[in-house]
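Some notes on the structure that comes next.
The values are calculated or read from the model by the stated rules, or taken from the named source; none is laboratory data. All values derive from a computational prediction rather than experimental measurement. Because the Cβ atoms are built from the backbone with ideal geometry, glycine has one as well, and the counts that use them run over all protein chains shown.
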Amino acid sequence: MNTFQADSQQLILALSKGRIFEDTLPLLEAAGITVSENPETSRKLILPTNDPNVRVLIVRATDVPTYVQHGAADFGVAGKDVLLEHGGEGLYQPIDLHIAECRMSVAVRNGFDYETAVRQGARLRVATKFVETARAHFAKKGVHVDLIKLYGSMELAPLVGLSDAIVDVVSTGNTLRANDLKEVEAIMDISSRLIVNQAALKMKRERLQPILEAFERASKK
Ligand code: PRT
Ligand code: MG
C-alpha cells in the first residue's frame with residue numbers, strides 16, 4: 001500500500017506528463033534527483049525518486065498551480081499560459097526555467113481578413129482555453145469579443161463556424177498549417193516557471209533552497 005502523508009521532511013513536486021515532465025528531468029538531475037519511474041508507462045500518480053524524501057505527483061498541466069497553491073504539492077512546474085489563467089494566488093514564482101517554450105497567438109482561418117474585421121470594429125467570436133489572457137488582450141486593443149471557452153482542439157472551432165478566431169499556444173505552427181489556419185497576432189512569449197507554495201517556502205526553506213538553486217543554474221545553461 002502506498003499511503004500518502006505530507007510530513008515536514010517530504011518534498012512533493014507536481015509535474016504534468018509530456019513536455020514539462022521531460023524538460024524538467026534534466027533540471028532534477030542537476031539537483032541530484034532521479035525519478036524512478038516513467039509516467040508514460042507507469043500507472044502510478046505518485047512517483048518515487050532516488051531521494052526517499054522527494055516524490056513527484058503527476059497531474060494535468062492546468063491542475064499544477066492548484067496542487068501547489070493548496071500545499072498538496074510543495075512546488076511544481078507550470079506554463080506561463082496556465083499560470084495567467086490560474087491567477088497565481090498563494091504561489092511564489094522565483095524562476096523562469098526556459099522550458100516548453102512557445103507563444104500565445106491569435107489565429108484565424110486562411111481567407112479570413114482579421115485586420116479589416118478589427119479595423120471595422122466587428123464583434124469577433126473567439127474560441128479559447130485561455131479566456132483570461134484573451135479577454136485582457138482584446139480589451140487592451142479595444143476589440144469587442146464574445147469568448148467561447150473550450151478545453152482542447154481549439155483549431156477546430158473556426159473550421160466549423162464556432163468562432164472567427166482562436167487564441168492558443170503555438171510552437172512550430174504545424175498544427176495551424178495542417179488545419180488551414182494562420183497566425184495573425186502574437187500575444188506573448190510563453191515558457192514554464194517553477195512555482196513554490198508560499199508556506200512551504202518558509203517552512204521547508206532548508207530543503208527547498210538547494211533544489212531551487214540547482215534548477216536556476218541548470219536552466220541558464
Ligand atoms: O494536453 P493537456 O490537455 O493535458 O494539457 P496541456 O495541453 O495544457 O498540457 P501539455 O503538456 O500539452 O502542455 C504543457 C505546457 O507546455 C503548456 O501549458 C505550454 O506552456 C507548453 N507548450 C509548449 C505547449 C506547446 N508548446 C504546444 N505546442 N502546449 C501546447 N501545445 C499545443 C498547442 O495547444 C497546439 O494544439 O501543441 C499544438 C501546437 O503545436 P505546433 O508545434 O503544431 O505549433
Ligand atoms: Mg496538450
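For Ala100, the conditions (1) in contact with a Gly (Cβ under 8 Å, 6 or more places away or on another chain); (2) exposed (fewer than 13 other Cβ atoms within 10 Å of the Cβ); (3) not β-branched (Val, Ile, Thr) are fulfilled apart from (2). Applying the criterion of being touching a Phe, Trp or Tyr at 6+ places or on another chain (Cβ under 9 Å) and part of a strand (DSSP E or B) to the residues of the range 188-200, the residue that is surrounded by the fewest Cβ atoms within 10 Å (Cβ to Cβ) is Val196.
Hey, among the residues in the range 142-172 that are assigned to a loop (DSSP other than H, G, I, E, B) and within 16 Å of ligand 2 (Cβ to nearest atom), which one's surrounded by the most Cβ atoms within 10 Å (Cβ to Cβ)? Applying the filter and picking the extreme gives Met154.
Of all residues in the range 25-67, those satisfying the criterion of being basic (Lys, Arg) and either within 21 Å of Leu97 (Cβ to Cβ) or within 16 Å of ligand 1 (Cβ to nearest atom) (or both) are Arg55, Arg60. Might you let me know whether the range 53-62 holds any residue that is among the basic types (Lys, Arg), surrounded by 19 or more Cβ atoms within 10 Å (Cβ to Cβ) and over 19 Å from Leu28 (Cα atoms)? No, every residue in the range 53-62 fails to be among the basic types (Lys, Arg), surrounded by 19 or more Cβ atoms within 10 Å (Cβ to Cβ) and over 19 Å from Leu28 (Cα atoms). Remark: pairs (first residue in the range 87-100, under 9 Å from Glu216 (Cα atoms); second residue modelled with pLDDT of 95 or more and part of a loop (DSSP other than H, G, I, E, B); Cβ separation under 7 Å; 6+ apart in sequence or on different chains) = Asp96/Ser191; Leu97/Ser191. Among the residues in the range 33-44, are any under 24 Å from Gln198 (Cα atoms) and without any contact (Cβ under 8 Å) to a residue 24 or more places away in the chain? No - not one qualifying residue is present in the range 33-44.
Cβ separations smaller than 8 Å between residues 6+ apart or across chains give the following pairs from the range 105-116 residues that are assigned by the TED database to the domain that holds His144 to residues that are surrounded by 12 or more Cβ atoms within 10 Å (Cβ to Cβ) and aromatic (Phe, Trp, Tyr): Val106/Tyr114; Val108/Tyr114.
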